[in-house]
Every structure is written in structure tokens, then in C-alpha cells.
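Here is the structure we will look at, set down as C-alpha cells.
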Amino acid sequence: MNAIETAIPGLLIIEPKVFGDDRGFFFESYNRRRFIELTGRDIDFVQDNHSRSAKNVLRGLHYQIQHPQGKLVRVTQGAVLDVVVDIRKNSQTFGKHVALELSAENKRMLWVPEGFAHGFVVLSDTAEFLYKTTDYWFPEHERCIRWDDPVLAIDWGLQNTPALSAKDQQGKSLAEAELFK
């Protein structure tokens, strides 16, 4: 397993070592010792989530203002454009984002520490998205920033308006959102 730094410190692309042959492949999707070595953090993941979405579904940009969640995210079927926004007001990279393709083919994972808003849009016909979290889901603390906030200027690579949940349609702009200090 290798870690690749992104433009935002602490936000890491994790590439597993994949062993493959004509029978298929094998890789460790998580190894606690190696994760500690790569991130410098001993994380106790408490919840695993799995979603399936159709092409052009956009989920996000989500975060929990209390009980913030670190997330280790990956795609097991299909492909998504994964987007993470730094919403820590005192950070040198506040309001900046990183966008990258996660897919079953590239097997990349992304470590998203607490203090970030996270979302993705499905690029393939369908995609299955898995993620581990460092805290439980508390719907009363969940918040959403608008995917199309002009201040963030995220290029989602969309040809059409994305399919959004009712919750995501009610997302706030970065200027209106509750943020981390």
C-alpha cells in the first residue's frame, strides 16, 4: 500500500498493492498497521457504508458539523469523480478542493480526514461506493454544501444536470454553511 499526497495536506490517495493473474486479483483494502504508517494516525473505524448509484447521480457535498467523520473511501464497481472540499476556516487550504477518479479498475482509495465536505458523481452506468468512517452517522448533525457553489467552482465534468436527493437540493453555499474552526 502506498500513499500519494494531494494538494491539500493530510488528504491522501491510497494505492493498494494489487496481485493479479489470469484468475483475477487480490489486494488488502485495509491494513491497520500500514494505515497508521501512511497517515500517522491510529484510527478506530466504527462504521462501514455501501451505496449503489446510477450514472449522473451526485451525492454531496456532505459532512457532520458535530461528530465529524474521517472517511476511507473506494469504489468496487464502476467509476466516480470524487470531490473533497476543505471547510476548516483556519486552514491555509480553506475552500480549496481535490477531485479525482476512483474506480473499480484503478482500485484507488482516498483518506478524507475530519474537517472536509465530501461528494461524488457517478461516471459509469452504475457505481458501488464503499467507505469506512471514524464516527457514527448522526443525521441531526449532517450538513450539505451545494455541489454547484460558484465560489468553489468545482468542475464535475457533467454534461447534464445531475440527479440529486431532496437533501442535496437544499444544500447551502459555502458562505452560508456551518464550518469547522
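The values are calculated or read from the model by the stated rules, or taken from the named source; none is laboratory data. This structure is a prediction, so every number in the text was calculated from the model and none was measured. Don't worry about glycine lacking a Cβ; one is built from the backbone with ideal geometry, like all the others, and counts go over all protein chains shown.
Worth pointing out:
- Matching option when the condition is among the basic types (Lys, Arg), surrounded by fewer than 18 Cβ atoms within 10 Å (Cβ to Cβ) and at pLDDT 95 or above, among Lys71, Lys96, Lys107, Lys132: Lys96
- The numbered conditions (1) touching a residue at least 12 places away in the same chain (Cβ under 8 Å); (2) surrounded by fewer than 16 Cβ atoms within 10 Å (Cβ to Cβ) are all true for Asp21 except (1).
- Checklist (1) within 23 Å of Ile14 (Cα to Cα); (2) outside any loop (DSSP other than H, G, I, E, B); (3) touching a helix residue (DSSP H, G or I) at 6+ places or on another chain (Cβ under 9 Å) applied to Pro68, failing item: (2)
- Looking across the range 134-153, the residues that are touching a residue at least 40 places away in the same chain (Cβ under 8 Å) and either in contact with a helix residue (DSSP H, G or I) (Cβ under 6 Å, 6 or more places away or on another chain) or closer than 23 Å to His50 by Cβ (or both) come down to Thr134, Asp135, Tyr136, Trp137, Phe138, His141, Glu142, Arg143, Cys144, Trp147.
- Of all residue pairs spaced 6 or more apart or on separate chains, those with beta-carbon atoms under 8 Å, a first member in the range 154-176 that is in contact (Cβ under 8 Å) with a residue 40 or more places away in the chain and at positive phi and a second member that is assigned to a loop (DSSP other than H, G, I, E, B) and hydrophobic (A, V, I, L, M, F, W, C) are Gly157/Leu123.
- Residue within the range 47-64 that is assigned to a loop (DSSP other than H, G, I, E, B), touching a strand residue (DSSP E or B) at 6+ places or on another chain (Cβ under 8 Å) and closer than 23 Å to Tyr136 by Cα present: no
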